[in-house]
1. If I filter segment B:242-254 for residues that are more than 16 Å from the ligand (Cβ to nearest atom), at positive phi and open to solvent by 30 Å² or more (accessible area, probe 1.4 Å), do I get at least one hit?
2. Out of B:GLU320, B:GLU354, B:GLU392, B:GLU332, report the one residue that is away from the ligand (no atom under 16 Å from the Cβ), more than 14 Å from B:ALA91 (Cβ to Cβ) and in the same structural domain as B:ARG21 (by TED's automatic domain parsing).
3. Among what's in segment B:295-321 and is in contact with a strand residue (DSSP E or B) (Cβ under 9 Å, 6 or more places away or on another chain) and of a type in the set (Val, Ile, Thr), pick the residue that is farthest from the other protein chains (Cβ to nearest Cβ).
4. Within segment B:286-308, take every residue that is within 19 Å of the chain's Cα centre (by Cα) and aliphatic (A, V, I, L, M) and give me the one that is farthest from the ligand (Cβ to nearest atom).
5. Going residue by residue through segment B:387-399, is there one that turns out to be over 17 Å from B:ILE329 (Cα atoms), in contact (Cβ under 8 Å) with a residue 60 or more places away in the chain and part of a loop (DSSP other than H, G, I, E, B)?
6. Restricting to segment A:181-217, name every residue that is in a loop (DSSP other than H, G, I, E, B) and touching a strand residue (DSSP E or B) at 6+ places or on another chain (Cβ under 9 Å).
7. B:HIS230 fails exactly one of the following numbered conditions: (1) closer than 23 Å to B:VAL366 by Cβ; (2) away from the ligand (no atom under 16 Å from the Cβ); (3) of a type outside the set (D, E, K, R); (4) in contact with a Gly (Cβ under 6 Å, 6 or more places away or on another chain). What is the number of that condition?
8. Test of understanding: among B:SER181, B:SER193, B:SER162, which residue is within 16 Å of the ligand (Cβ to nearest atom), more than 30 Å from B:ALA114 (Cβ to Cβ) and of a type outside the set (A, V, I, L, M)?
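The values are calculated or read from the model by the stated rules, or taken from the named source; none is laboratory data. Note that the coordinates shown come from a computational prediction; the quantities given were computed from them, not determined experimentally. As a convention, Cβ positions derive from the backbone with ideal geometry for all residues, glycine included, and neighbour counts pool all protein chains shown. The protein model used for the area step is the full one, side chains on, heavy atoms only, and it has no ligands, DNA or RNA in it. Shrake-Rupley method; radii C 1.70, N 1.55, O 1.52, S 1.80 Å.
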Amino acid sequence: MNKDYRFEHKHILGIEQLSAADIFYILDIAISFKEISNRPIKKVPTLKGKTIINFFFEPSTRTRLSFEIAAKRMSADTFNIAASTSSATKGESLIDTARNLQAMSPDIIIIRHGSSGSPGLLARHVDASIINAGDGTHEHPSQALLDTMTVREHKGKIEGLIIAIVGDIAHSRVAHSNILAFTKLGAKVRVAGPATFMPAMVESLGAQVCTSVAEAVSDADVIMALRIQKERQDDPLIPSLREYAQFYGINRALLEKHARPDALIMHPGPINRGVEMNPDVADGAGSVILEQVTNGVAVRMALLYLVMGQEGTE
Amino acid sequence: MTRAKTIILQNGRVLDPAADRDFIGEIWLQDGLIVPAQQKHPEDCISFDLQGKWIVPGLIDMHVHLREPGEEYKETVESGTRAAAAGGFTAVACMPNTRPVNDCASVTQLILEATAEKGSARVYPVGAISAGSKGTGLAEYGELKEAGVVAVTDDGLPVLDSQLMRRAMEYAGSHELLVISHSEEIALSRNGSMNEGVVSTRLGLRGIPVAAEAIMVYREIALAELTGQHTHIAHVSTAAATELIRQATARGVRLTAETTPHYFTLTEEAVADYNTNAKMNPPLRTEGDRMAIIKGLQDGTFDAIATDHAPHSVLEKELEFDRAANGIIGLETSLALSLALVRDGLIDAARLVELMSVAPARILKVTGGNLAEGNVADVTVVDPDREFVFTEGSILSKGKNSPFLDWTFQGKAVLTVMGSRITHNELS
Ligand SMILES: [Zn+2]
């Protein structure tokens, strides 16, 4: 690491704002925090006295829990505000709600929201550091960081790897952040799925579009399937989950025929088993899905630590 | 607000493209009319020495939202026409998407009464195509026309039912009313909040494809051909629609079209970082579209520049991008942005006057648009060199929702006269 390097982000709004050096730095810190999770007493006083608000406008168990565990392991005081208990559903605007939160003087607000760009809007109206835990179809930076961390642990590097992402790229903030993160770190990213799942000019993100899943997974070092959302009423993207599973699902036969035997199998969870991924793949050889969850806590600890400007280092 | 017997505008460059005139000289205004110049100045007159400035027929903006009645916190006839006068406009046509919708004589009368009482510009109300702009039966055009509307549109919304649009054109024709189309195929644009392309993908925003505009513009062309009625296409944003209009006009379809300063000035990049002041419908498009719009202004595909002035308060704009309202204000920046085209050599001064005054008067069949003696004394004096910074504090419109905040402009209306009444004066 360059001696002059300094991590200088008050907020984590997206991978877009991070450099490759930033990402590697976050991953290095995360690895050091991962060790804490293996201790008998999984707690350090690093963020003692800090107030962290989990502000979730969309239902999420996994991400919210992961951030909450990360915060607790660092001794921060955490509060959860879910959309159902916040004023968000009563027609109060995000900015009004933000001003109310500001009165609680939080140090960090972790926000998940259905509108793309809302973490940045919040950041302009409160003093706290903002961490984006998923905004609309925009970004989910902590997910991409834990994914890059997991891949780096297994492959020893990111540069030069081929990453295949299969699924609804257009409506996936996980895909968006992962394309940006892996590309910044020097990997080649391929995306596959029906054309209805591809965003306009997806190549502009740095990904290569494959016409079939077989093509995407050939020679890939990492194969990531995305969770398929239930069919949308206003926009007929696919005819049925059944047909999707048949043509775009990741199954053992496909992998045996086209993939490298040492390819890592990833999924941001929760999996629709038998739709985007078969159980024999999710639970089989090469699957690192449970490690993704473990690394999620470590990466989120690193983010909380870094946005706090590394005061009170252990 | 001064009303003198005679206003004498001298030593200016008189630009009167309707009469193919462009000369240094003077224009006399008396009792609301343009009158022949005399040898001797009368006793009670105001005269302005306009060296280096242009004397042009009063600018007409044929597409604004004045929000009255119903949303007076966003704009009123009074505030909107003050903004218009400051921008060099002597007349505006206001869209019917008020609350209630202007689909009957009483709403039209309300707007005209407010104008008579507090207006700083002529206001031409535009009525609704369908009752309540609900897209089902026709509004009562005969009554609307008698009350004073100059055209009909369901602007803000497209007319989805093609049969209704066909009947609207036919029935409007019987009442000599223009039909203005807000061309948008909702099935393609639904839930979209910006142009579909590189930037929408980067920002994770649902896009509105070019086809959403092009499909409906083509339908309007086909219906205008079917009915033989004059149809006007509002706020064109895409190269595709521009080309469709060019071809249709060339084969003789009775079609006119307008575009706006934001479509020939900005691109989708202005949305970057989720700037809700760059959110409008149709959305800002790509550089290729912007260039095509400019070409359309040059070659006559577009008849008019209109602003689609759409004031909103912070309540509608300081929101998550996908929840924020569409629309930006335009009356106080339109002339400066259009003058930039002249300064860049893309159109000449006469063409600018054609686009901003002559053609709107002709399309709406209203007074103004020329400086002929005997015509109404609606005149704008333009200082093409006057620099100004468009600050929030300087805005007269109640809406401050502009993507041009803090831009430095060159070129400004320095005197606006509407029917011999000085509605804006930065000269003395
Ligand atoms: Zn419109």
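1. The answer is yes; a qualifying residue exists.
2. Result: B:GLU392 is the single residue among B:GLU320, B:GLU354, B:GLU392, B:GLU332 that is away from the ligand (no atom under 16 Å from the Cβ), more than 14 Å from B:ALA91 (Cβ to Cβ) and in the same structural domain as B:ARG21 (by TED's automatic domain parsing).
3. Result: B:ILE305.
4. Filtering first and then ranking leaves B:ILE294.
5. The answer is no, given that none of the residues of segment B:387-399 is over 17 Å from B:ILE329 (Cα atoms), in contact (Cβ under 8 Å) with a residue 60 or more places away in the chain and part of a loop (DSSP other than H, G, I, E, B).
6. A:ALA187, A:GLY193, A:MET198, A:PRO199, A:ALA200, A:GLY206, A:THR211, A:SER212
7. Looking at each condition in turn, B:HIS230 falls short on (4).
8. B:SER193
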